[in-house]
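Have a look at the structure below before the remarks.
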Amino acid sequence: MKFPYSEKVLEHFRHPHNVGKLENPDGKATEGSPACGDMVSVYIKVDSETKTIQDIKFESYGCASNIATSSIITDMAKGKTLDEAKLITWQQATEALGGLPPIKAHCSVLAVEGLRAAIQNYEEKHGLVSEKSPTTIEIVNNRLKKIMNPLTGLDVVKTNLIKKIEIDNGKVSIIVDLPSTHQFAASIKEEVKEKIGTLWDVKEIVVDFID
């Protein structure tokens, strides 16, 4: 029986590099959805003077391709400047692994998106975003799509937990269709503030629940 994966993919799957979670990371991001079968979280430590990625870790929930591509991409990013790491492509990762089955190409895209989102998270926290467009409801809504509804494994927007978004002079108000006493209310509120709080013109975030 011929294996669908190259030896390089299997090597990184069996013995992945940079696995784990960094404490107090300078930048972090999660891409994907457990409901879809693949998800990756990326954490980075950045030298503030050289803007170089000093350390990088990932947590992967998914198939061999997901783990292998996250492993190789974190290898490729370590030691690079943020600008250099942004240029890493899923095609480069796939080539470095000796190829992936076409049906698994999305896994390398997911890992690259995780890396770029972690870099973006760092840049937003440190005021390094060059294009500063005003925050809109659409931007907030897209950020909220990164937050999972623990009850379903789908995001809080798709499962209609977000009932209202308002923006007024730097204040973002969000109404969540859960009681404040719900077991996941506190964690969802924390994630909302984390996802929205790095936007450059957001000064206050208010999350209300429907009791």
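Only the coordinates and a few stated rules stand behind these numbers; no lab work does. Just so it is clear, the model here is predicted, and its values are computed rather than measured. Here the Cβ is made from the backbone with ideal geometry for all residues, glycine too, and neighbour counts use every protein chain on show.
Structure summary
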| quantity | calculated |
| --- | --- |
| Selected from ASN142, ASN169, ASN66 as most flexible by GNM, with the chain as the system and alpha-carbon contacts under 10 Å | ASN169 |
| Kyte-Doolittle mean at least 1.6, axial Cα span of 27 Å or more - DSSP H helices of the chain | none |
| DSSP beta bridge pairing in the chain, given as percent antiparallel to the nearest 5 | 75 |
| Segment 9-167: relative contact order in percent, alpha carbon pairs under 8 Å with at least 6 residues between | 24 |
| For segment 7-125, the spread of Cα positions along each principal axis, largest first, Å | 40, 28, 22 |
| Which of SER173, LEU151, ILE137, positive extreme of dipole for the chain (C-beta unit charges) | LEU151 |
| MRE, 222 nm, helices only [DSSP H, n ≥ 4, -39500 (n - 2.57), over the chain, to nearest 500] | -11000 deg cm²/dmol |
| Most mobile listed residue (ASN18, ASN160, ASN141) in the chain, GNM with C-alpha springs under 10 Å | ASN160 |
| Segment 137-209, relative contact order [Cα under 8 Å, separation at least 6], % | 29 |
| Interchain or long-range residues, amide H under 5 Å from ASP38's placed H | SER33 |
| Shape metrics for the chain, restricted to C-alpha atoms - Rg then Dmax, Å | 18.3, 62 |
| Out-of-range pairs (alpha-carbon distance over 28 Å; input LYS21/LYS171; LYS51/LYS164; LYS158/LYS193) | LYS21/LYS171; LYS51/LYS164 |
